[in-house]
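The values are calculated or read from the model by the stated rules, or taken from the named source; none is laboratory data. What you see is a predicted model; the values in this text were computed from it and never measured. Here the Cβ positions follow ideal geometry from the backbone for every residue, glycine too, while neighbour counts run over all protein chains shown. Calculation scope for accessible area: heavy atoms of the full protein, side chains included, ligands and nucleic acids excluded. Shrake-Rupley method; radii C 1.70, N 1.55, O 1.52, S 1.80 Å.
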Amino acid sequence: MSLPKAELHLHIEGTLEPELAFELAARNGVSLPYADTDALREAYRFADLQSFLNLYYELMAVLRTERDFEDLANAYLARAAAQGVRHAEIFFDPQAHLARGVGMGTVVEGLWRALGNSEAAHGVSTQLIMCFLRDESAESALETLEAAKPYLDRIAGVGLDSAEVGHPPVKFREVYDSAAALGLRRVAHAGEEGPPEYITEALDVLGVERIDHGLRCMEDPALVERLVRDRVPLTLCPLSNVRLRTVDVLGDHPLPAMLEAGLMCTVNSDDPAYFGGYAGDNFDAVHQALGLGEDRLRELARNSFLASFLDHDEERRTRYLAEVEAYAFP
Ligand SMILES: [Zn+2]
């Protein structure tokens, strides 16, 4: 669906399609334990978040040079643009690369080669959000922020991702305080596999402006009331939720109930190469499986721009919002 939209929950490493993985593996002399792209796609049947993360980290071995990160980002931006994405706030996971001996500069400057030229090349404005891996230590997160300091003109904010359960937001209080002091925006994954309390903690302890996923808020009516009252955006990823078994089938997804409750929901793709679809595919899926009509789809698109970090460029946000209103559904 080419309805104009912003993508606010997208891990750039999760856009690595099997074809590009094999191309980069060949370029860098890395051998993958799969015979071909079909065999690799077979591995994309996940039991849960952890089984996905195992493959996600394994495939990252093919990303070695600035050019690799540039090619990865350009491939995503081209696909996103074709599905109506006008603005993308893109996550990256530096710790996963630093641990393999790939430096912060290689990752950020490589991504920036694509992002810095994205408006001209793809018609998509972009921002970069650096995520901390929550299953790594708080000290490692602090070291990562330190390593990013020379590149802060390229980085708009920080996030928190990877295995959620057992790694509550409070563990990262100090690094979020430091990020805030540096003027960085703050978001965090919470309430995907973890309990509703993690959402409350992310808001109260980490001071986040958006919650990534957050669908388990529906288990706590007082929390829903708060999220509605404060207009806290939730970046939902419906196809990801099905692939990672957060919901059994898309028809069971709580998105319609969440919209009905007045929550400020957005629809995003998370790790599209692994979860079966990009942003527009997610919109198509919720339209078909959940029966969301044009008004709701337009609301989701409007929310995506309202929830984006375009505060420095309200003129642009207004232009994007006008495109949403003017869009004619096929
Ligand atoms: Zn995510």
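Worth pointing out:
- Any hit, region 232-246, residues being more than 16 Å from the ligand (Cβ to nearest atom) and more than 20 Å from PHE52 (Cβ to Cβ): yes
- Cβ-Cβ under 6 Å pairs, at least 6 apart or on other chains, region 79-99 side open to solvent by 10 Å² or more (accessible area, probe 1.4 Å), far side among the small types (Gly, Ala, Ser): ALA81/GLY123; GLN83/ALA279; GLN83/GLY280
- Set GLU197, GLU209: member being surrounded by fewer than 19 Cβ atoms within 10 Å (Cβ to Cβ), modelled with pLDDT of 95 or more and within 19 Å of LEU8 (Cα to Cα): GLU209
- Applying a threshold of 8 Å to beta carbon distances and a minimum spacing of six or more residues, or different chains, the list of pairs starting in region 10-30 at a residue that is farther than 17 Å from ALA73 by Cβ and ending at one that is of a type in the set (Gly, Ala, Ser) and within 16 Å of the ligand (Cβ to nearest atom) reads PRO18/ALA273.
- Where PRO94 falls short, out of the listed (1) more than 16 Å from the ligand (Cβ to nearest atom); (2) touching a helix residue (DSSP H, G or I) at 6+ places or on another chain (Cβ under 7 Å); (3) within 13 Å of ALA147 (Cβ to Cβ): (1)
- Checked against the criteria, ALA190 does not count as away from the ligand (no atom under 16 Å from the Cβ) and either of a type in the set (Gly, Ala, Ser) or touching a Gly at 6+ places or on another chain (Cβ under 6 Å) (or both).
- Qualifying residue in region 275-283 (condition: part of a helix (DSSP H, G or I), among the hydrophobic types (A, V, I, L, M, F, W, C), modelled with pLDDT under 95 and open to solvent by less than 50 Å² (accessible area, probe 1.4 Å)): yes
- Of the residues ARG226, ARG216, ARG296, the single one that is at pLDDT 95 or above, in a helix (DSSP H, G or I), within 16 Å of the ligand (Cβ to nearest atom) and open to solvent by 10 Å² or more (accessible area, probe 1.4 Å) is ARG216.
- Number of residues in region 257-274 that are part of a helix (DSSP H, G or I) and without any contact (Cβ under 8 Å) to a residue 40 or more places away in the chain: the value is 2.
- Test: GLU89 is modelled with pLDDT of 95 or more and in a helix (DSSP H, G or I): no
- Set PHE69, PHE52: member being in a helix (DSSP H, G or I), open to solvent by less than 30 Å² (accessible area, probe 1.4 Å), within 16 Å of the ligand (Cβ to nearest atom) and in contact with a Lys or Arg (Cβ under 8 Å, 6 or more places away or on another chain): PHE52
Matching residues to (1) assigned to a strand (DSSP E or B); (2) at pLDDT 95 or above; (3) under 17 Å from THR200 (Cα atoms):
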residue: PHE132; (1), (2), (3): yes, yes, no
residue: GLU143; (1), (2), (3): no, yes, no
residue: LEU160; (1), (2), (3): yes, yes, yes
residue: GLY166; (1), (2), (3): no, no, yes
residue: LYS171; (1), (2), (3): no, yes, yes
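- Options ALA78, ALA47; residue that is modelled with pLDDT under 95 and either more than 19 Å from LYS149 (Cα to Cα) or not small (Gly, Ala, Ser) (or both): ALA47
- Close pairs from region 128-157: first closer than 13 Å to ALA179 by Cα, partner hydroxyl-bearing (Ser, Thr, Tyr) and surrounded by fewer than 21 Cβ atoms within 10 Å (Cβ to Cβ), Cβ under 8 Å, at least 6 apart: PHE132/SER140; LEU142/SER178; LEU145/SER178
- The conditions of being outside any loop (DSSP other than H, G, I, E, B), out of contact with any Lys or Arg (no Cβ under 6 Å at 6 or more places or on another chain) and among the acidic types (Asp, Glu) are not met by ASP248.
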